[in-house]
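Everything below concerns the one structure shown next.
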Amino acid sequence: MTLSFANVGETGSIRKILGDDSSRKKLMDMGFVEGAEVRVVCRVSGNLIVEVKGVRIAIDGSLANRIIVG
């Protein structure tokens, strides 16, 4: 499932990053790499605040749709 469908408080491991090279690089630079644990902290108007590698990051729904978690 994509990160945008994860419930608040749910933790998952990143399985794959989808998208073109620039989108994938942007996410990887923020810490969204395969194998990393990610937790949804809260959801605000379709956007997410997530915690990855001990850092909280706000991402929009379109970026969350590119992150496959399991």
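Derivation of every value follows stated rules applied to the coordinates shown; laboratory data play no part. Given the structure is predicted, the values throughout are model-derived calculations rather than measurements. In this analysis, Cβ positions are derived from the backbone assuming ideal geometry, glycine residues included, and neighbour counts consider all displayed protein chains.
Structure above, values below:
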| quantity | calculated |
| --- | --- |
| Amide H contacts under 5 Å for residue 36, placed H, 5+ residues apart | 14 |
| Inter-label distance for residue 15 and residue 49, nm, one decimal - labels placed 7 Å from Cα along Cα-to-Cβ | 2.8 |
| Percent of Cα-Cα distances greater than 13 Å, calculated over the chain | 57 |
| Net length gained if the chain between residue 60 and residue 25 were fully extended (0.36 nm per residue, minus Cα distance) | 11.0 nm |
| Only Lys, Arg (+1) and Asp, Glu (-1) charged, at Cβ; the chain dipole about Cα centre in debye | 20 |
| GluC sites (Glu not before Pro) restricted to DSSP loop in the stretch 28-70 with at most 14 other C-beta within 10 Å | 34 |
| Counted charge near residue 51, where neighbours are those whose Cβ lies closer than 14 Å (Asp, Glu -1; Lys, Arg +1) | +2 |
